[in-house]
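Novice: Mind looking over this structure? Questions follow.
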Amino acid sequence: VGLVLIIPSFISVNLRHRLASEQYAAIAESGSFASDEDLAATAAAIALLKSAYAADSTFSVLAALDAIVPPPGITITNISMASREGRSIEFSGISRDRATLQQFIAAAEVSAAVASGDHPVSNFVKNQNGEFKITVRFK
């Protein structure tokens, strides 16, 4: 009798495990969360940025990055120095839709830390889930 009662529980646990595994795989595939390696790479990139501008007291990369906060719907996938002398940083990522990307660009351009921004028309080609690349020159 006990064995018969365990079988439905076993089936239920297996089904829940399979559904949870499928959901985890779908989230991992969509890029909605970062792995430990991604977080370590981001920390290394920030450390590199901090060291590259440590001697320059007039420009703080961290303050500049704080000045540009992406709204919900913008996922930044890469931040790189476009040129050290020019104080330009290139942001790459994915925008949920065109309006969200335009909101992000407008917020970046009105920031007191930003001198100018370069955002090619190709950023606006896709209406949804479009990749973008923006180069921002800081003051």
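Taken together, the values in this text are just the output of simple stated rules run on the coordinates, not laboratory data. Just so you know, these numbers come straight off a predicted model, no measurement behind them. Quick reminder, even Gly has a Cβ in these numbers, built from the backbone with ideal geometry, and neighbours come from all protein chains shown.
Novice: Along Cα→Cβ, 7 Å out, is where each label goes; now give me the distance between the ones at Ser30 and Arg16 in nm to one decimal.
Specialist: The two pseudo-label positions are separated by 2.3 nm.
Novice: Continuing with the same structure: Return the distance in nm (one decimal) between the two label points of a simple spin-label model at Ala47 and Gln23, each offset 7 Å from Cα along Cα→Cβ.
Specialist: Between Ala47 and Gln23, the simple spin-label model gives 3.6 nm.
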